[in-house]
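*Asks:* So that we are looking at the same thing, I have put the structure below in structure tokens.
What follows draws every value from the coordinates through simple rules; no lab data is involved. Only a predicted model underlies this, so the values are computations on that prediction, with no experimental measurement involved. For neighbour counting, all protein chains shown are included, and Cβ atoms are generated from backbone atoms with ideal geometry for every residue, glycine included.
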Amino acid sequence: MFDPGLAAALLSPPGLGVLGLLIGSFLNVVVHRLPAMMWRAWWKDSVEFQLADPLAWQPLFGGQSTPPPQLAQAAQAVDAELRKLPEETLTRPRSRCPKCGHVLRWWENIPVLSWLMLRGRCSACGTRIAWRYPAVELVTGGLFAAAAAHYGAQPSTLLWCLAIALLLTMALIDFDTTLLPDGLTLPLIGIGLGGALAGWTGVSPADAAAGALAGYGVLWLVGFIWGLLRKVDAMAEGDMKMLAGIGALLGWQALPSALLLAAAVGAVVGLVMIAGMGRDRSKPIPFGPYLALGGLCSIFFGPALRSVWLL
Ligand SMILES: [Zn+2]
């Protein structure tokens, strides 16, 4: 039964704000678990398909040669360690305290409220729970509500909410680990192109496709030129895919302002961190959080942002 009144309530700023709080709670889990799941998958791949597999060895080291026996032993050792790890997916096991293992009861898992009720501490062992968890929930809820206010109570607003959730997750994972998972960047490209084809984003399919290509291409070019000058990999492919997603979502026209904003804020923060906090210059500085900022600002202030930069 489709009830237009109910749908409008769910898609209103308060409705999507509450949905955002719940999604934000899930994003905290994704940010925590997805990198660990990726590391596990890489090690699993290296054991199953690379270390001791003649089919992986021979194309590079010669058609008749076999991998040294040490590799098979290493593969077995890694495999044994992998089997000791507990199973973990995005939905299982249930959230627990990282310190004492206390499984959260339902009332300890309510976005923001539980953190306030528990005064930011685990109910079992008293360990502090980082303020970032409720902050992520609040920001997600706030941005979902803002999307409802900005784009109106219609189904296509959910596409913007999905893009916001993906950008936030990428920013946090890149900040924590300097990884930008394909499992997040490629879906952003997909919903950008799909949203344009469906007429949900207001971007023409041609502009969305050009945005994806230009977003990837411009960072590839920056990395290529920087590599020629400094002989280092300056730009990770994850950044290129992420900007491709922003370009697909908002059209190529949004890229200059989004990228300039990201670079400007990133440069200021980077300089402050190097000068003021003694951060090691050679350490990679993740660019994803700044790209996410540029993308999020473009989602809400696209035209205004363009007029500031391009006049
Ligand atoms: Zn605990």
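*Asks:* If amide hydrogens are placed 1.01 Å from N in the peptide plane, which non-local residues have theirs closer than 5 Å to the one on Arg121?
*Replies:* For Arg121, the qualifying residues are Ile129.
*Asks:* Among the lysines in the chain, how many pairs, 8 or more places apart or on different chains, have alpha carbons under 23 Å apart?
*Replies:* Taking the chain as the scope, the lysine pair count is 5.
*Asks:* Of all the stretches in the chain, which is the longest one without any exposed loop site, taking trypsin sites (Lys or Arg not before Pro) in a DSSP loop (any state but H, G, I, E, B) with at most 14 other Cβ atoms within 10 Å?
*Replies:* The answer is 120-230.
*Asks:* Say a site is exposed when it is one of the GluC sites (Glu not before Pro), sits in a DSSP loop, and has at most 13 other Cβ atoms within 10 Å; what is then the longest site-free stretch of the chain?
*Replies:* By the stated rule (loop sites, at most 13 other Cβ atoms within 10 Å), 89-311.
*Asks:* Would you kindly work out the equivalent ellipsoid of the chain from its C-alpha gyration tensor and give its semi-axes, the square roots of five times the eigenvalues, largest first in whole Å?
*Replies:* After diagonalising the Cα gyration tensor, the semi-axes are 35, 29, 21 Å.
*Asks:* Under 20 Å from a point placed 7 Å out from the Cα of Cys125 along the Cα-to-Cβ direction: which residues of the stretch 21-37 have their backbone N that close?
*Replies:* Residues passing the 20 Å test: 29, 32-33, 36.
*Asks:* Please report Rg (one decimal) and Dmax (integer) in Å for the Cα set of the stretch 159-311.
*Replies:* 15.1, 49
*Asks:* Report the residue, chosen from Ala275, Ala236, Ala145, that carries the largest GNM mean-square fluctuation when the chain is represented by alpha-carbon nodes joined by springs under 10 Å.
*Replies:* Ala275
*Asks:* Report, in deg cm²/dmol and to the nearest 500, the calculated mean residue ellipticity at 222 nm for the chain, where each DSSP H run with n ≥ 4 adds -39500 (n - 2.57) and the sum is divided by the residue count.
*Replies:* Calculated at 222 nm, the ellipticity per residue is -23000 deg cm²/dmol.
*Asks:* Taking the Cβ of each residue in Asp53, Asp45 as the centre, tally the other Cβ atoms inside 10 Å and list the residues starting with the fewest.
*Replies:* Lowest to highest Cβ neighbour count: Asp45, Asp53.
*Asks:* Next up: Which order do Thr89, Thr185 fall in if you start with the one that has the fewest other Cβ atoms within 10 Å?
*Replies:* So the residues, fewest neighbours to most, are Thr89, Thr185.
*Asks:* Set the Förster distance to 22 Å, then compute FRET efficiency between Ala72 and Trp39 from the Cβ-Cβ distance, nearest 0.05.
*Replies:* 0.50
*Asks:* Order of 266-273, 151-158 by packing, highest average Cβ count within 10 Å first?
*Replies:* 151-158, 266-273
*Asks:* If you don't mind, another one. Each residue of the stretch 3-18 in order: what ³J(HN,Hα) in whole Hz does its phi give by Karplus 6.51 cos²θ - 1.76 cosθ + 1.60, θ = phi - 60°, with x for Gly and Pro?
*Replies:* 10, x, x, 5, 4, 5, 5, 5, 8, 6, x, x, x, 6, x, 5
*Asks:* Excluding Gly295 itself, what net charge comes from residues whose Cβ is under 15 Å from its Cβ, given Lys and Arg +1 and Asp and Glu -1?
*Replies:* 0
*Asks:* Quickly rank 67-74, 257-264, 172-179 as a protection proxy: mean count of other C-beta atoms within 10 Å, highest first.
*Replies:* Order by mean packing, descending: 257-264, 172-179, 67-74.
*Asks:* Moving on to the next point. Write out the cysteines belonging to the chain for which the nearest other cysteine Cβ is not under 4.7 Å, or none if no such cysteine exists.
*Replies:* Lone cysteines by the Cβ rule: Cys161, Cys297.
*Asks:* Which of Ile189, Ile246, Ile110 has the fewest other C-beta atoms within 10 Å, and how do the rest follow up to the most?
*Replies:* So the residues, fewest neighbours to most, are Ile110, Ile189, Ile246.
*Asks:* Output needed: percent of Cα pairs per 10 Å distance bin for the stretch 1-154, bins running from 0 to the one holding the longest distance.
*Replies:* Spelled out bin by bin, the stretch 1-154 gives 10, 25, 22, 18, 14, 10, 2, 0 percent.
*Asks:* Grab the other residues whose beta carbon is less than 12 angstrom from that of Met170, score K and R as +1, D and E as -1, and report the net.
*Replies:* In short, -3.
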